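The values are calculated or read from the model by the stated rules, or taken from the named source; none is laboratory data. Since the model is a prediction, treat every value here as computed from it, not as a measurement. Neighbour counts run over all protein chains shown; Cβ positions are idealised from the backbone, glycine included.
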Amino acid sequence: MHNENTSGNEEKVSRDDNGVATQENSTVNEEYAYLDRGGFSSERFKIELRGLPKFYGIAELKKLMNQKLGLSTSKIKRPKNGSHWLYACFQNNEDRTKAINALNGYVWKGKTLIAEEAKPAPDPLVKRKLEEDSNVQRKKKKEDEGKSQEERLKDAVIPFWNVSYEEQLKRKENEIRKTLMHYENEVWKVFKNRRKEIEANRKIYNGLSFELKLIQKSPVTEGYRNKSEFTVGIDEETQKPTVGFRLGSYVTGTVGVAPIHMLKHIPEETKKAVSIFQDFVRSSDLAPYSPADYTGYWRYLTVRQSTYSGELMVIVSMYPQELSSEELEKLKTQLIECFSTEDSKACGIRSLYFHLLTKKRVGDEDSKATHLMGPTHITDSILGLKFRISPEAFFQINTACAELLYSSAIELSRATADSTVLDICCGTGTIGLCFAKHVNKVLGLEIIPEAVKDAKANAAENGVTNCDFFTGKAEDILPSVLARATGDDIIAIVDPPRAGLHMRAITTLRNAVSVRRIVYVSCHAAAATRNLTDLARPATKTLRGPPFRPAVALPLDMFPHTPHLELVLLLEREAPAVQEKKSDDSEKMESSTIETENETEPENKEESVQ
């Protein structure tokens, strides 16, 4: 899964999909994530209208706004009858600005109206979940009483640290089966006419209508992480500046950072790099950054490690505050000296980047990391191919297991020399390039321009000539890239971010009948359920192509000692002759999903996401 952008003021530490305690933005990001999930939402362009008369009707107000004042109101929301304020939503920012200018100060029925921009409504489902999570946090805090700092950190970062590996695999198999059965329930709702067939298959596949293979073990279970991001803060036990993981969140009153030397999923060379930088921070005149009052400087240390060459890339991130350009240049020199010592060379540090953070609040801009020392990239290898890795590049966290993942995807896809692979969300081209020698053509799509540059460079480095890579959002450029595909056996490889593919991309895949199979890769299967359901639902006026049925699911333990895993799911296109007539229920479900393309409303999500 590719990295995600976050926004918001509050930060927390939690386990990421790869099992590491990370600094994520909390409620602000999660409650409003629906705005960035794709599709239009009038919640983006909302105003609050106050000072309304005691007696008025919505029809009267609409007439005033749309006919008399020439506004383009999308909808009006009144909390309750008789309220002296309400929300009005618009299609774009220009219409909203026009409305504010027209309504603010306007006298209507003897009352002077006040019109101002309004914040979008939070997603009620996410808000409720966050409240539940808060209760869990309180319960966990109680459970943590009496535990050592080391135990609390292990529980947060690698919660299976005291569970045997065989037991870990059993737990993960049980969880992925539960997740897939939830997906099965969604399919059951859609395919009323296929229920007998589904039931028959469930008897064969132990409750599922398709094959769930045994979870594949990770070839490496310790020191497997090739990338980790650490926080700089104060250790609550020693009161010293420490480079490690935060134990809690600012909103729950915890900002302490614990050391990471006892965590078994982090390589020893990475731990040594952390220790070297920690010594540098402790000897520095500059304090660690404080999320409590936005003071301080040192923020993060990111370490990327090549399992192929042993090279390490370190990225130091800090808030410059009021430091002058001269002081920053001096710091750069000191950092170069720090990471050029014999100890640094001994643990494999070759590349150094310096990242000035300016993004403290929503809307602030952030800078890119500046290269200070050594090569601009490090190189790793998967299935005999070499891949260059830049600071921002996506690369599977567990390199050894990534080889297993990609070889399994190739096998499941049934690719031939005549196939064309459509690598959606291709990143730096790793999976597409691994497919290249098995197929006729690979076409990759990626939103990050730097990643596309890396993908092209990786193709050239490995002498691969049958791959092309394109920059843009999948939902925007997928039709034009599909037009370049030749033959009638197209295999789509989908490895999207957590939020999944935009509905327009799903629609394009459904309507392109030459796409015969989809290999869907996900590190968060529950989040992928919506995409999988849309790919499987019966044909409609919008989803014209035959649906995709799940055929085989293969879980892989990409993240030992954590609850997370990677799932590869093969979806096969249903033969046109087998399609059932569209039922009233499928019409309703289609409108529920397509609604997210035209109007994504948090109030309606309870029906469409369950």
With Thr486, Thr533, Thr508, Thr529 as the choices, which residue is outside any helix (DSSP H, G or I) and either under 19 Å from the mean Cα position of the chain (by Cα) or in contact (Cβ under 8 Å) with a residue 12 or more places away in the chain (or both)?
Thr486
Of all residues making up region 453-465, the number that are surrounded by 16 or more Cβ atoms within 10 Å (Cβ to Cβ) and under 11 Å from Val442 (Cβ atoms):
3
Working carefully through the options Gly51, Gly39, find the one that is farther than 30 Å from Tyr300 by Cβ and modelled with pLDDT of 80 or more.
Gly51
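Listed here are the residues, each with its yes/no results for (1) closer than 18 Å to Thr270 by Cα; (2) outside the structural domain of Pro291 (by TED's automatic domain parsing); (3) surrounded by 21 or more Cβ atoms within 10 Å (Cβ to Cβ).
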| residue | (1), (2), (3) |
| --- | --- |
| His355 | no, no, no |
| Leu383 | no, yes, no |
| Leu405 | no, yes, yes |
| Glu411 | no, yes, no |
| Gly429 | no, yes, yes |
Out of (1) modelled with pLDDT under 85; (2) in the same structural domain as Val107 (by TED's automatic domain parsing), what's the single condition that is false for Asn66?
(1)
Residues of region 178-209 being of a type in the set (Lys, Arg) and over 24 Å from the mean Cα position of the chain (by Cα), in sequence order, are Lys189, Lys192, Arg194, Arg195, Lys196, Arg202, Lys203
State all residues of region 453-481 that are charged (D, E, K, R) and outside any loop (DSSP other than H, G, I, E, B); if no residue qualifies, say none.
Lys453, Asp454, Lys456, Glu461, Asp468, Glu475, Asp476
Region 345-439: strands (runs of 3 or more DSSP E) wholly inside it with 1 or more residues that are within 27 Å of Val515 (Cβ to Cβ) and more than 22 Å from the chain's Cα centre (by Cα) are 378-382, 385-389, 420-424
Among the residues of region 203-244, count how many are touching a residue at least 40 places away in the same chain (Cβ under 8 Å), part of a loop (DSSP other than H, G, I, E, B) and more than 22 Å from Ile158 (Cβ to Cβ).
5
Say we look at region 265-282 and pick out the residues that are touching a His at 6+ places or on another chain (Cβ under 9 Å) and in a helix (DSSP H, G or I); which of these is surrounded by the fewest Cβ atoms within 10 Å (Cβ to Cβ)?
Ser275
